[in-house]
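Beneath this line is the structure, given in structure tokens, with notes to follow.
The values are calculated or read from the model by the stated rules, or taken from the named source; none is laboratory data. If you're wondering where the values come from, they're calculated on a predicted model, not measured in any experiment. So basically every Cβ, Gly included, is an ideal-geometry build from the backbone, and we count neighbours across all protein chains shown.
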Amino acid sequence: MTTMTRFVPFRSPLSDVAVLQNRLNSIFNDFAGPEGAQEPLTAGNFVPAVDVYEDEQKLMLKLEVPGIPQEDLDVRIENQLLTVRGERRFEAEEKEENFHRIERRFGTFARTFTLPVSVDTASIAAKYENGVLAIQLAKKEAAKPKQVKIEISSPSPEAKQVEASTR
């Protein structure tokens with residue numbers, strides 16, 4: 001697909017740079033929020049990274065939630081929706097320290113995943129180890145792939161004779 005652009009012979013090459021500069025500024029302003037107001041890093045929401053994969057038997061989710069006690073995690077299933085909630089609290093124990101920068105995120109989070117109908121929501125297991133919450137959801141028997149061996153038969157001797165006589 002080709003696009004047509006208007007050629008202006010006396011246009012300054014700097015005007016192209018200015019247009020590009022304006023476009024980039026608007027993109028960064030949209031990213032930063034209204035009126036370019038930027039939040040400090042400590043005010044951001046904590047959203048744990050998640051890996052989702054499946055095999056023939058199960059669907060697995062692994063959420064990175066380091067620093068969150070197991071008691072502060074809540075895993076629920078309702079109407080084919082899996083919801084994981086938790087909270088990472090800011091530990092202000094270092095009263096004598098002067099922080100120069102805090103990059104770790106704190107706060108509450110909630111991640112919701114729509115489960116396929118092939119998942120058996122009654123069969124769920126969760127394990128928390130080394131800051132990783134692993135959630136295993138078994139698939140329903142009907143959804144598991146099945147292999148059926150099909151026997152290939154050769155024609156009977158009578159069928160071969162009938163076929164030969166019709167020729």
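Contact map, the stretch 102-127: first residue basic (K, R), second residue surrounded by 16 or more Cβ atoms within 10 Å (Cβ to Cβ) and in a strand (DSSP E or B), Cβ cut-off under 6 Å, separation 6 or more or different chains; pairs are R111/V84. Looking only at the stretch 139-151, decide whether some residue is hydrophobic (A, V, I, L, M, F, W, C), at pLDDT 85 or above and surrounded by 12 or more Cβ atoms within 10 Å (Cβ to Cβ). So far as the stretch 139-151 goes, no, none of its residues is hydrophobic (A, V, I, L, M, F, W, C), at pLDDT 85 or above and surrounded by 12 or more Cβ atoms within 10 Å (Cβ to Cβ).
Only one entry of L20, L14 meets the criterion of being loosely packed, with under 12 Cβ neighbours inside 10 Å, out of contact with any Asp or Glu (no Cβ under 6 Å at 6 or more places or on another chain), more than 30 Å from A138 (Cα to Cα) and at pLDDT 75 or above, and that entry is L20.
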